[in-house]
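Novice: Got a structure for you, written out below as structure tokens; questions coming shortly.
The values are calculated or read from the model by the stated rules, or taken from the named source; none is laboratory data. Note that the coordinates shown come from a computational prediction; the quantities given were computed from them, not determined experimentally. Here the Cβ is made from the backbone with ideal geometry for all residues, glycine too, and neighbour counts use every protein chain on show. Ligands, DNA and RNA are excluded from the accessible area calculation, which covers all protein heavy atoms including side chains. Shrake-Rupley method; radii C 1.70, N 1.55, O 1.52, S 1.80 Å.
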Amino acid sequence: MKKKVALIFGVTGQDGAYLSKLLLRKKYKVYGVKRRSSIINTLRIDDIYKDINLKSNFVLRYGDLTDSSSILNLIKDIRPSEIYNLAAQSHVSVSFEVPEYSADVNGLGTLRILEAIKNLKMEKKVKFYQAGTSEMFGRTKEKFQSEKTSFYPASPYGASKSFAHSITINYREAYGIFACNGILFNHESPVRGETFVTQKIIQALIRIKKGEQKKLYLGNLYSKRDWGHAADYVYAMWKMLQQKKPDDYVIATGKNFTIKEFVNKAAKKIGFKIKWSGKGISEKGVNIENGKVLIECKKRYFRPVEVDHLKGNARKAKRILNWSPKISVDDLIEEMIDHELKIYNDKYPK
Ligand code: NAP
Ligand code: F7E
């Protein structure tokens, strides 16, 4: 049988790393697209090169979603059987600061890949996955969000991903491209970026425990998120492209928690007991054991408009893909803490 060849845009990100390893275990040849940076940005995938069973099928190439010619040349040269578009300016808060760039990469970047597929006449030769997001539901009033829920994005990030979602459906219907949208709810892992709230909380609480940091500053403690594990979610991406027909799927756990609940869960595992007091920007979390303030709120971490409540209904993915999440939020937190503690202990051996 002919070897499957995957091309991953966004290979250096959290999901790019998990997906690469999954596909390499499935014996794919994987080409990953990294962008030029002034410092090495391959930390999450460096371990692939240490694994002699994986490294021979893994190739990195330069490219950028803002550069049509690089996209076209990569697809023309590699002729992949599957393309995963995971590349994005993926930080919601930052998208308010760089809205035009976020729209360019996330929205037009997706269109550039689809156009390249069409112009190379590869509509029937390649399958395409688009990394959509629960942020497209934004300020929805629906208690559970499914594939049928209307989009109401609440950031340049959410709006740019909504365009990417629509254009992916449009190219599927207009040109018959096997193109799928995943609508993935928040998913985390030990290699989650440091400025997303889960990793920020865990890294700060560990540093405070070790005496290296005094306080953790957060924004809105009351938004609710449906958090899963990246390993489960990249498996769903792959499953979507293995179906007979292309379609769009919500991927979620169906459970959600506030940021404050996440802090309490992580703090308990790290060994803190927290007492909360105050309201709004003045709310504080105090270490019961010594009375010191551990957590405070800061205006700069609030967003111009918040997505208050996300909770996904992934019944369609269960029914058609036979997909369900395997890793609970508590196990996720434990894994992230263990990973962080190991890094800390390796850095400062006793
Ligand atoms: P991530 O860690 O932020 O990774 C984003 C990737 O995109 C990185 O490899 C980044 O490269 C690359 N990238 C950024 N701008 C680019 C450009 N102009 N050209 C080429 N590559 C570029 O994101 P993630 O958490 O893995 O998420 C993967 C995808 O799923 C993203 O599209 C994200 O928006 C979407 N998503 C994520 C979640 C989640 O909870 N994680 C949920 C729903 C959807 P550098 O490493 O050089 O920065
Ligand atoms: O924020 C609140 C913040 O930045 C979660 C991306 O992967 O998932 C992610 O987007 C919540 C928000 O993730 C801080 O206001 C409070 O309500 O971890 P986050 P996100 O915005 O949900 C979606 C599905 C994606 O697609 C995105 O790519 O936490 N929050 N205090 C804070 N958030 C951050 N970052 N930092 C704080 O200090």
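Novice: How many residues are open to solvent by 30 Å² or more (accessible area, probe 1.4 Å) and more than 16 Å from ligand 2 (Cβ to nearest atom) if we restrict to the stretch 151-177?
Specialist: Qualifying residue count, the stretch 151-177: 8.
Novice: Quick check: is even one residue across the stretch 207-217 among the charged types (D, E, K, R), surrounded by fewer than 20 Cβ atoms within 10 Å (Cβ to Cβ), within 8 Å of ligand 2 (Cβ to nearest atom) and closer than 29 Å to L43 by Cα?
Specialist: Checked against the condition, which is being among the charged types (D, E, K, R), surrounded by fewer than 20 Cβ atoms within 10 Å (Cβ to Cβ), within 8 Å of ligand 2 (Cβ to nearest atom) and closer than 29 Å to L43 by Cα, the stretch 207-217 yields no hits at all.
Novice: If you don't mind, another one. Go through the stretch 7-34 residue by residue and tally those that are among the hydrophobic types (A, V, I, L, M, F, W, C) and in a helix (DSSP H, G or I).
Specialist: Within the stretch 7-34, residues that are among the hydrophobic types (A, V, I, L, M, F, W, C) and in a helix (DSSP H, G or I) number 5.
Novice: Here is a follow-up. Check the stretch 53-71 and report whether any residue there is of a type in the set (S, T, N, Q) and not in a helix (DSSP H, G or I).
Specialist: yes
Novice: Same structure, new question: Filter the stretch 40-65 for residues that are at pLDDT below 95, aliphatic (A, V, I, L, M) and open to solvent by 50 Å² or more (accessible area, probe 1.4 Å) and give the result.
Specialist: Scanning the stretch 40-65 gives I40, I52.
Novice: Would you say S134 is open to solvent by less than 60 Å² (accessible area, probe 1.4 Å), touching a residue at least 60 places away in the same chain (Cβ under 8 Å), away from ligand 1 (no atom under 11 Å from the Cβ) and assigned by TED's automatic domain parsing to the domain that holds S81? Full working, then the answer.
Specialist: Values: open to solvent by less than 60 Å² (accessible area, probe 1.4 Å): yes; touching a residue at least 60 places away in the same chain (Cβ under 8 Å): yes; away from ligand 1 (no atom under 11 Å from the Cβ): no; assigned by TED's automatic domain parsing to the domain that holds S81: yes.
So S134 does not fit the description; no.
Novice: Any idea which of A87, A103 is open to solvent by 40 Å² or more (accessible area, probe 1.4 Å) and not in a strand (DSSP E or B)?
Specialist: Numbers: A87 fails: open to solvent by 40 Å² or more (accessible area, probe 1.4 Å).
Sole residue among the options that is open to solvent by 40 Å² or more (accessible area, probe 1.4 Å) and not in a strand (DSSP E or B): A103.
Novice: Oh, and also: Having 2 or more residues that are touching a strand residue (DSSP E or B) at 6+ places or on another chain (Cβ under 7 Å) and more than 16 Å from ligand 1 (Cβ to nearest atom) is the bar; report the helices (runs of 4 or more DSSP H) wholly within the stretch 195-314 that clear it. It would help to see each step written out before you state the result.
Specialist: On the way: elements: 197-209, 230-241, 259-270.
Helices (runs of 4 or more DSSP H) meeting the threshold: 197-209, 259-270.
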